[in-house]
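Heads up, the thing below is written out as structure tokens.
The values are calculated or read from the model by the stated rules, or taken from the named source; none is laboratory data. Computed from a predicted structure; not experimentally measured. Positions of Cβ are generated from backbone atoms using ideal geometry, with glycine treated the same way; all protein chains shown enter the neighbour counts.
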Amino acid sequence: MEYAGGYSDMLAQRGSALPQPHQCVEQGGRHQAPCDGAIIRAETEARFREKHALETLPARIAKLSSEIAALRERLSDPGLFARDPAAFNNAVAGFANR
């Protein structure tokens with residue numbers, strides 16, 4: 001049978017509703033897979049990772065900023081390449097990785 005519109009329109013025409021995300025869907029008295037806690041655990045872990053990232057981000061930014069400042073200082077020496085090409089290349093590579 002064909003329905004005009006998309007999937008949600010088909011469900012509306014059939015009289016079925018879309019299952020809401022993160023809600024348990026019961027079928028025959030049993031909960032299907034979304035209710036087994038895996039989604040809840042994944043969301044909790046994601047929240048923890050995001051919270052940890054937000055807490056550690058200022059220190060990481062400060063560290064990278066100081067590293068970049070040190071690399072800029074080293075690269076501002078006009079005779080660095082002539083004296084030590086390897087140090088110059090390392091500074092450029094370090095700068096590119098930041």
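Residue count for the stretch 11-32 satisfying the condition of being modelled with pLDDT under 55 and either under 25 Å from the mean Cα position of the chain (by Cα) or charged (D, E, K, R) (or both): 4.
Scan A91, A86, A46 and give me the residue that is more than 24 Å from the chain's Cα centre (by Cα), surrounded by 10 or more Cβ atoms within 10 Å (Cβ to Cβ), among the small types (G, A, S) and modelled with pLDDT of 80 or more. The match here is A91. So, S76, is that one modelled with pLDDT under 75, out of contact with any His (no Cβ under 9 Å at 6 or more places or on another chain) and of a type in the set (S, T, Y) or not? The answer is no for S76. Of all residues in the stretch 40-77, exactly one satisfies the criterion of being farther than 26 Å from G94 by Cβ and polar (S, T, N, Q), namely T44.
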